[in-house]
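Only the coordinates and a few stated rules stand behind these numbers; no lab work does. As the structure is a prediction and not an experimental result, all values here were calculated from the model. We place every Cβ from the backbone using ideal geometry, glycine too, and count neighbours over all the protein chains shown.
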Amino acid sequence: MTFVYLVLAIIAEVVATSALKASMGFTRPLPSLLVVGGYGVAFYLLSLVLRSLPVGITYAIWAGLGIVLVTLVGVVVFGEKPDAPGLIGIGLIVAGVVTLQVFSKMSVH
């Protein structure tokens with residue numbers, strides 16, 4: 001269940017971050033509620049994940065995949081266009097997350 005919680009935490013964070021842009025500085029009620037609720041759910045689920053996984057690995061996966069997914073939402077929903085350095089940076093983030101997931105032997109003590 002740990003990785004299910006982590007995936008759900010990432011999804012909740014992506015929804016909240018996307019709603020943050022749509023909230024227009026917290027002037028729109030529905031997106032503003034999604035921000036507060038989404039981050040609440042994300043942090044709660046993240047706290048459950050931290051029972052089983054080390055904080056460094058957990059945060060790297062959560063933040064790294066969140067960055068990639070928020071960028072995709074930006075492109076699809078908000079019409080944003082990342083440039084070449086941005087795409088290279090995102091590629092490096094993905095490589096880092098994959099490296100941590102595949103090769104790290106960190107464990108919770």
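With helices as the sole contributors, the chain gives -26500 deg cm²/dmol at 222 nm; each DSSP H run of n ≥ 4 counts as -39500 (n - 2.57), and the sum is divided by every residue. Simple point charges give the picture: +1 on the Cβ of Lys and Arg, -1 on the Cβ of Asp and Glu, and for the chain a dipole about the Cα centre of about 140 debye. Of the chymotrypsin sites (Phe, Trp or Tyr not before Pro) found in region 40-84, the ones in coil according to DSSP and having at most 16 other Cβ atoms within 10 Å of their Cβ are 78.
At each listed q (0.12, 0.19, 0.23 Å⁻¹), what is the log10 of I(q)/I(0) that the Debye formula gives for the chain modelled as equal alpha-carbon point scatterers? Log10 I(q)/I(0), no solvent term: -0.46, -1.00, -1.21. Here the Karplus relation 6.51 cos²θ - 1.76 cosθ + 1.60, evaluated at θ = phi - 60°, turns the backbone of region 10-16 into coupling constants of 5, 4, 4, 5, 5, 4, 5 Hz, with x for every Gly and Pro.
Assuming 0.36 nm per residue, please report the length gained on full extension of the stretch residue 75 to residue 3 beyond their Cα-Cα distance. Stretched out fully, the residue 75 to residue 3 stretch lengthens by 23.3 nm. Our note on the geometry: Cα centres of region 62-109 and region 1-55, 16 Å apart.
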